[in-house]
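Notes follow the structure.
Where a number appears in this text, it was derived from the coordinates with a stated rule and is not lab data. Since we're looking at a predicted model, the values are computed, not measured. With ideal geometry, Cβ positions are generated from the backbone for all residues, glycine too; neighbour counts draw on all protein chains shown.
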Amino acid sequence: MSTTRHQSRALPALGEIAPDAVSRPAPGVADQDGAAPKLHVVTFGCQMNKYDSELVEGRFRKSGYVTTDRLEDADVILFNTCSVRDHAEERTWSWVGELKQAKRERPDLVVGIMGCMAQRVEEEIFKRAGHVDLVAGTRQFHLLPAMVEELKARRAEPDRFRAKDLRLLATDMAEDVPVDRSGEEYTGGLHAHLAVMRGCDLSCTYCVVPTTRGRVRSRPIEELVAEARWYVSQGVQVLTLLGQTVNSYGEDFPAPQVGPAPEAGAARWTGRQGRPSLADLLRALQEVDGLVRIRLITLHPSYVTRALAEAIRDCDKVDRFLPLPAQAGSDDVLRRMKRGYTLDLYRERVGLLREVVPDIELGSDWIVGFCGETDADFEGSLAFLEEQGFVLNYIFKYSPRPNTRAAERYEDDVAEDTKKARHKRLLEVAERTQRARLQRYRGRELRAFIESVSERDGRILLGRTHHGLPVSLQGPAELVGTTVHLRVEETTAYGMAATLARGPARIGLHSAASEALGGQ
Ligand code: SAM
Ligand code: SF4
């Protein structure tokens, strides 16, 4: 395994620390009472961050740490951060700021920042928050346990290391993140995330992600199947496959050598020039025994292919729900966003999906108030949302991000009040559309996977239909982790209430079931 240097820029060399040096309990980690040191991770942002937080926790556990839910008990506190909108960064600064006093009272405490903000802001973090000890970028966070040990070693030699030497930074972008879950315990229950790739090779002009997460690196199918099997061995039944453009999976692999046609029965990959694609990965995961549901986040219209649609059709474990963000309903805005499609191309790709999988449901993200968005452009978003009948919508007000093309080239010329008003209006149309879309399921029988018992009411079970739509019903807790047939009784803009249609008992709809919908 390669070694990576991580060092504060102002420092004498740290020495090189092999990433695998942290895969055994580190000597001297336990505190004076012999108790294992405690880690608390605060996660902001997207599912990819949740996955990375799990990876970090796993690595710390292998180094002899235990995780704690109580921030005030922790010896090491990590913030896994998001930079997508300014608001996300401001929240992090405020949380981190609150630790200043704690650090004064407990100088041994270690505070670290990882994730997109660590990558974007780098050593500036130390200037703005002097009590932060460690900064690890989006491809270096696996080094954090080793960085903590290095920090402790330095703290133990105050004559040798000055205050500024006690800040460690690792933000190199070059490497993959090594993932090895062997020997780990998964404590997240029935559901887990699986990052099938990292980074993004597109360059939407508003978006900071290509800078913070780097170029795409897809993980080999065998490695992903092995991780899926490991998850299943830990009790997981539902996997959400993660990628910024998850359906571009495999595009970065080298094209296979042109040679004789594969022998009968040998794998034929369906990606560009014979590369493995998401369709191939879905078919491989479909064969993993014990895995029951497969979900996808997030797709891009440019990479929707017939092979993908056919894989979704053929693999009954894959949810009939695709998050396929449109972002805007105006070709002018899409061009300025550099999204790489027009509305007609988007329609064409959805047409292909619906031709092969007629009952597919779609979700979308929207940005309102992007640079130069006119009233007519915005009306286009309202119309496109309704036209496509998106069943789930996330709506954001445009937030200019440093070093993005939009921030550099275009004026953020839509007034904040207008952004707010457009956000509200699009949300109203989204809710109306979602309500109408879900209403179509009333009285129908659907399959659903039951995921949990409601925290608010122990009689209510929560699950998702095979369209990935939230559903609640009254039933016994033993149904958690099973697939049931249910009849949809009531719907809102955000989910459904149902009764068991076939199963151990037919249980009437309780009013609490409809209450539960409100909170989903
Ligand atoms: N890769 C995904 C895609 O292309 O759809 C989404 C990634 S991004 C983390 C999630 C959502 O945040 C985007 O779909 C977009 O709607 C929103 N977003 C990204 N940059 C933004 C910005 N500068 N201002 C407001 N919303 C933004
Ligand atoms: Fe950002 Fe566009 Fe990449 Fe999504 S596809 S992460 S919005 S650059």
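Taking only the C-alpha atoms, wrap a convex hull around the range 173-222 and report its volume per residue in Å³ as a whole number.
129 Å³
Ratio of Rg to Rh for the chain, alpha carbon only, Kirkwood? It would help to have the intermediate numbers written out before the result.
Details: Rg = 24.3 Å, Rh = 24.9 Å.
Expressed as Rg/Rh, it is 0.98.
Distances over 18 Å make up what percent of all Cα-Cα pairs in the range 316-473? Numbers along the way, then the final one.
Working: 7911 of 12403 pairs.
Looking at the range 316-473, the distances longer than 18 Å represent 64 percent of pairs.
Would you compute, from DSSP H runs of 4+ residues alone, the mean residue ellipticity of the chain at 222 nm, taking -39500 (n - 2.57) per run and dividing by the full residue count, rounded to the nearest 500? Spell out each step's value before the answer.
Working: 16 runs with 166 residues, N = 520.
Helices in the chain give a 222 nm mean residue ellipticity of -9500 deg cm²/dmol.
How would Leu55, Leu71, Leu281, Leu169 line up from fewest to most surrounding beta-carbon atoms within 10 angstrom?
Details: Leu55 19, Leu71 15, Leu281 28, Leu169 23.
Least to most surrounded, the residues fall as Leu71, Leu55, Leu169, Leu281.
Can you give me the convex hull volume of the Cα atoms of the range 134-238, divided per residue and expressed in Å³?
On the way: hull volume 15.6 nm³, N = 105.
Convex hull of Cα atoms, per residue: 149 Å³.
Rounded, prolate or oblate: which fits the range 36-110, taking a ≥ b ≥ c as square roots of the Cα gyration tensor eigenvalues, rounded meaning a/c under 1.5, else prolate when a/b beats b/c?
Oblate shape, in that a/c is at least 1.5 and b/c is the bigger or equal ratio.
Could you tell me whether the range 231-367 comes out rounded, prolate or oblate from its Cα gyration tensor? Rule is a ≥ b ≥ c as square roots of the eigenvalues, rounded for a/c under 1.5, then prolate if a/b exceeds b/c, otherwise oblate. Don't skip to the end; give the middle numbers.
Working: a/c = 1.94, a/b = 1.31, b/c = 1.48.
Oblate, since a/c reaches 1.5 and b/c is not below a/b.
Pairing the Cα long axis of helix 343-356 with the longest principal axis of the chain, what angle in degrees results, from 0 to 90 and rounded to the nearest 10?
70 degrees
With a Cα-only, solvent-free Debye model of the range 430-503, what are the log10 I(q)/I(0) values at q = 0.11, 0.14, 0.24, 0.26 Å⁻¹?
Debye intensities relative to I(0), on a log10 scale: -0.23, -0.38, -1.03, -1.17.
Taking amide H atoms as placed 1.01 Å from N in the peptide plane, list the residues 5 or more away in sequence, or in a different chain, whose amide H sits under 5 Å from that of Tyr249.
Leu278
With a 10 Å radius around each residue's Cβ, average the other Cβ atoms per peptide and rank 404-415, 238-249, 377-388, 191-202, highest first. Can you show the working numbers first?
On the way: 404-415: 14.8, 238-249: 23.2, 377-388: 18.4, 191-202: 20.3.
The most tightly packed comes first, giving 238-249, 191-202, 377-388, 404-415.
Can you tell me the 0 to 90 degree angle between the C-alpha axis of helix 221-233 and the longest principal axis of the chain, rounded to 10?
The answer is roughly 90 degrees.
What angle do you read, to the nearest 10 degrees and between 0 and 90, between the alpha-carbon axis of helix 375-388 and the longest principal axis of the chain?
With both axes taken from Cα atoms, the answer is about 70 degrees.
Compute the distribution of all C-alpha to C-alpha distances in the range 42-163, in bins of 10 Å from 0, and list the percent of pairs in each, rounded to whole numbers.
Over the range 42-163, the share of Cα pairs per 10 Å bin runs 13, 47, 35, 5, 0 percent.
What lysines sit close enough to Lys100 to cross-link, taking a C-alpha to C-alpha distance under 18 Å and skipping anything fewer than 8 places away on the same chain?
Lys127, Lys164
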